[in-house]
Amino acid sequence: MSTVLPIIERRRIEAELLKEVYETLLERVGKDEAKAVIADAVHRSAVRQAAAFAAREPAGTSLDSFVDIQKHWTAEDALTVEVIARDETRFDFNVTRCRYAEMYKAMGLGEIGPLLSCNRDGAFCEGYDPKLKMTRTQTIMGGASHCDFRYTYEKEEGGA
């Protein structure tokens, strides 16, 4: 069986290749189209990866299962998280340190770091469970002091 890479290491490896793809696209189609292609590819990848996580949930997906898999993104101290609220339909937290942002900046990818990382978050919800919704108004990669993640899980209509 293969060793599972921490997600931050997986993102570093992906970014090394995507940096070359981005630079090639810049030369061929310009910045706007290059960014659009990267954004589309990363979005599709995030949805697919989320669906794979969802498929491994023996009891099906839920907010609890989503909260449980967050350990994969925080492994290796990749994120410093401050939980604000948690109940059966809400999971709110702030990220006060993001090593993903630090890594992309160090790799010279600060310009597309949000495409490589931040834009994955909402797409992940799409692939994991359509009842899971995320809002965020700011990110460290965008220059804010913290990222404000607010997740809601829609209850079944007519459910208890």
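Bear in mind that the values in this text are calculations on the coordinates, not laboratory data. The shown structure was predicted, so the numbers you read here are calculated from the model rather than taken from an experiment. Cβ coordinates were reconstructed from backbone atoms using ideal geometry, including for glycine residues, and neighbour counts include every protein chain displayed.
Taking the conditions exactly as written (under 14 Å from the mean Cα position of the chain (by Cα), over 30 Å from Glu156 (Cα atoms) and of a type in the set (A, V, I, L, M, F, W, C)), does Leu79 satisfy them or not? Before the answer, list the steps.
On the way: under 14 Å from the mean Cα position of the chain (by Cα): yes; over 30 Å from Glu156 (Cα atoms): yes; of a type in the set (A, V, I, L, M, F, W, C): yes.
Against the criterion (under 14 Å from the mean Cα position of the chain (by Cα), over 30 Å from Glu156 (Cα atoms) and of a type in the set (A, V, I, L, M, F, W, C)), Leu79 qualifies.
I'm checking my understanding of the structure. Among residues of the stretch 30-62 that are polar (S, T, N, Q) and within 15 Å of the chain's Cα centre (by Cα), which one is nearest to Lys131 (Cα to Cα)? So that I can check it myself, show each step before the final result.
Just the residues of the stretch 30-62 that are polar (S, T, N, Q), to begin with: 45, 49, 61-62.
With within 15 Å of the chain's Cα centre (by Cα) added as a condition, the list becomes 45, 49.
On the way: Ser45: 20, Gln49: 17 Å.
Here the residue is Gln49.
Any residue at all in the stretch 78-85 that's of a type outside the set (Gly, Ala, Ser) and out of contact with any strand residue (DSSP E or B) (no Cβ under 6 Å at 6 or more places or on another chain)?
Here is the first cut: in the stretch 78-85, the residues of a type outside the set (Gly, Ala, Ser) are 79-84.
From what is left, the residues that are out of contact with any strand residue (DSSP E or B) (no Cβ under 6 Å at 6 or more places or on another chain) are none.
No, that holds for no residue.
Among the residues of the stretch 112-130, write down those that are hydrophobic (A, V, I, L, M, F, W, C) and free of Cβ contacts under 8 Å to residues at least 40 places away in the same chain. Step through it out loud before you land on a result.
Taking the stretch 112-130 as the starting set, the residues that turn out to be hydrophobic (A, V, I, L, M, F, W, C) are 112, 115-116, 118, 123-125.
Passing the criteria: only Cys118.
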* For Ala54, which of the numbered conditions (1) without any contact (Cβ under 8 Å) to a residue 24 or more places away in the chain; (2) in contact with a Ser or Thr (Cβ under 6 Å, 6 or more places away or on another chain) fails to hold? -> (1)
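Go through the stretch 3-21 and give me each residue that's within 27 Å of Asp77 (Cβ to Cβ), part of a helix (DSSP H, G or I) and not acidic (Asp, Glu). Let's see the steps before the verdict.
Keep residues of the stretch 3-21 that are within 27 Å of Asp77 (Cβ to Cβ), which gives 3-19.
Then drop every residue that is not part of a helix (DSSP H, G or I), which leaves 7-19.
Hits for the stretch 3-21 are Ile7, Ile8, Arg10, Arg11, Arg12, Ile13, Ala15, Leu17, Leu18, Lys19.
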